[in-house]
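Below is one structure, written out as structure tokens; comments come after it.
The values are calculated or read from the model by the stated rules, or taken from the named source; none is laboratory data. Computed from a prediction, not measured in an experiment: that's the story for all the values here. Cβ placement follows ideal geometry from the backbone for every residue including glycine, while neighbour counts extend to all protein chains displayed.
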Amino acid sequence: MGLPHREPRRGPFSFKEAFRRLIRPLARALSAMRVRPDALTTTGWTLAVGAAVLLAVGYTRVGGAVMLLAGLFDALDGAVARESNQMSDFGAFLDSTLDRLSESAVFVGVIYFYAASSMPYEALLAGVAMTFSLMTSYTRARAEGLGLQCEVGLLERAGRVVILSVFSIAGQLTIGVALVAAGALVTTAQRFLHVRRHTKT
């Protein structure tokens with residue numbers, strides 16, 4: 001008599017992995033069309049700058065929609081690179097660099113909007129959100145420079161983009177900024193403690 005068959009255990013649910021599976025058919029189609037990943041990266045950055053301008057002049061709902069589209073391109077570039085086997089060190093460098101520029105541009109647009117609308121506390125909140133959003137990326141990059149894996153924390157870039165985009169579209173930009181500020185602050189602290197724990201002697 002054979003042993004009863006057991007289903008293999010599945011790991012914890014990952015939003016990142018679920019999203020990768022969702023966009024895989026589109027990534028395969030773009031790969032078949034020979035679309036270069038770097039072109040998608042640059043397109044995503046251009047859209048993010050456009051979203052920043054729209055946010056700055058007060059078109060927050062449209063700006064949020066464009067930001068969400070930019071986020072899609074940002075996710076597709078890596079997926080297409082994997083599907084077409086076009087991964088490269090420069091491509092990874094370009095993606096990371098333009099991601100930081102895109103995020104900074106969006107927050108500068110939001111800060112300008114609040115400043116022009118005489119909303120100093122909201123502008124300060126956006127500055128805090130920008131600071132800790134960039135710090136989440138910096139702490140991971142610095143940790144990886146030390147040879148440590150640092151994919152930990154509550155809110156990664158994709159989550160920040162979705163939150164800010166959705167709340168902008170819903171006409172609740174300040175709530176979105178507050179959530180991003182809080183999530184990015186917690187994530188920065190989590191990564192700091194993670195590196196401290198793994199480097200403590």
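Those residues that are closer than 15 Å to Ser104 by Cβ and either in contact (Cβ under 8 Å) with a residue 60 or more places away in the chain or of a type in the set (A, V, I, L, M) (or both), I need them from segment 48-60; list them, please. Give the derivation first.
Taking segment 48-60 and keeping what is closer than 15 Å to Ser104 by Cβ, we get 48-53, 55-56.
Those that are closer than 15 Å to Ser104 by Cβ and either in contact (Cβ under 8 Å) with a residue 60 or more places away in the chain or of a type in the set (A, V, I, L, M) (or both): Ala48, Val49, Ala51, Ala52, Val53, Leu55, Ala56.
Condition first: surrounded by fewer than 20 Cβ atoms within 10 Å (Cβ to Cβ), under 10 Å from the mean Cα position of the chain (by Cα) and more than 15 Å from Ala48 (Cα to Cα). Now tell me which residues in segment 147-162 satisfy that.
Answer for segment 147-162, where residues must be surrounded by fewer than 20 Cβ atoms within 10 Å (Cβ to Cβ), under 10 Å from the mean Cα position of the chain (by Cα) and more than 15 Å from Ala48 (Cα to Cα): Glu156, Gly159.
Kindly indicate the residue of segment 130-146 that is small (Gly, Ala, Ser) and surrounded by 14 or more Cβ atoms within 10 Å (Cβ to Cβ) and also nearest to Leu173 (Cα to Cα) among those meeting that condition.
Taking segment 130-146 first, the residues small (Gly, Ala, Ser) are 133, 137, 141, 143, 145.
Filter again for surrounded by 14 or more Cβ atoms within 10 Å (Cβ to Cβ), leaving 133, 137, 143.
Numbers: Ser133: 16, Ser137: 22, Ala143: 32 Å.
Filtering segment 130-146 for residues that are small (Gly, Ala, Ser) and surrounded by 14 or more Cβ atoms within 10 Å (Cβ to Cβ), the one nearest to Leu173 (Cα to Cα) comes out as Ser133.
For segment 188-197, does any single residue satisfy the condition of being buried (at least 18 other Cβ atoms within 10 Å of the Cβ), touching an Asp or Glu at 6+ places or on another chain (Cβ under 8 Å) and more than 21 Å from Leu72 (Cβ to Cβ)?
Among the residues of segment 188-197, not one is buried (at least 18 other Cβ atoms within 10 Å of the Cβ), touching an Asp or Glu at 6+ places or on another chain (Cβ under 8 Å) and more than 21 Å from Leu72 (Cβ to Cβ), which makes the answer no.
Go through segment 46-59 and give me each residue that's surrounded by fewer than 23 Cβ atoms within 10 Å (Cβ to Cβ), touching a helix residue (DSSP H, G or I) at 6+ places or on another chain (Cβ under 7 Å) and in a helix (DSSP H, G or I). I'd like the intermediate steps shown before the answer.
The first filter runs over segment 46-59 and keeps only residues surrounded by fewer than 23 Cβ atoms within 10 Å (Cβ to Cβ), leaving 46-47, 49-50, 53-54, 56-59.
Narrowing further to those that are touching a helix residue (DSSP H, G or I) at 6+ places or on another chain (Cβ under 7 Å): 47, 49-50, 53-54, 56, 58.
Within segment 46-59, Leu47, Val49, Gly50, Val53, Leu54, Ala56 qualify.
Given (1) under 22 Å from Gly50 (Cβ atoms); (2) touching a Ser or Thr at 6+ places or on another chain (Cβ under 7 Å), where does Thr187 come up short, assuming only one miss?
It is condition (1) that Thr187 fails.
Select from segment 61-74 the residues that are in contact (Cβ under 8 Å) with a residue 40 or more places away in the chain and surrounded by fewer than 22 Cβ atoms within 10 Å (Cβ to Cβ) and write down the one among them that is nearest to Leu94 (Cα to Cα).
The selected residue is Leu72.
Return the only residue of Val152, Val80, Val66 being modelled with pLDDT of 85 or more and in contact with a helix residue (DSSP H, G or I) (Cβ under 9 Å, 6 or more places away or on another chain).
Working: Val152 fails: modelled with pLDDT of 85 or more; Val80 fails: modelled with pLDDT of 85 or more.
Within the list Val152, Val80, Val66, the selection yields Val66.
Which condition from (1) under 14 Å from Val177 (Cα atoms); (2) modelled with pLDDT under 95; (3) among the acidic types (Asp, Glu) is the one that Glu122 breaks?
Here Glu122 clears every test but (2).
Can you name every one of the helices (runs of 4 or more DSSP H) wholly within segment 82-201 that holds 3 or more residues which are aromatic (Phe, Trp, Tyr)? Explain how you work it out, then say what you get.
On the way: elements: 89-116, 120-145, 157-169, 173-199.
The helices (runs of 4 or more DSSP H) meeting that bar are 89-116, 120-145.
Restricting to segment 100-124, name every residue that is of a type outside the set (Gly, Ala, Ser) and either under 21 Å from Phe192 (Cα atoms) or buried (at least 20 other Cβ atoms within 10 Å of the Cβ) (or both).
At the first step, the residues of segment 100-124 found to be of a type outside the set (Gly, Ala, Ser) are 100-101, 103, 106-108, 110-114, 119-122, 124.
Across segment 100-124, the qualifying residues are Arg100, Glu103, Val106, Phe107, Val110, Ile111, Phe113, Tyr114.
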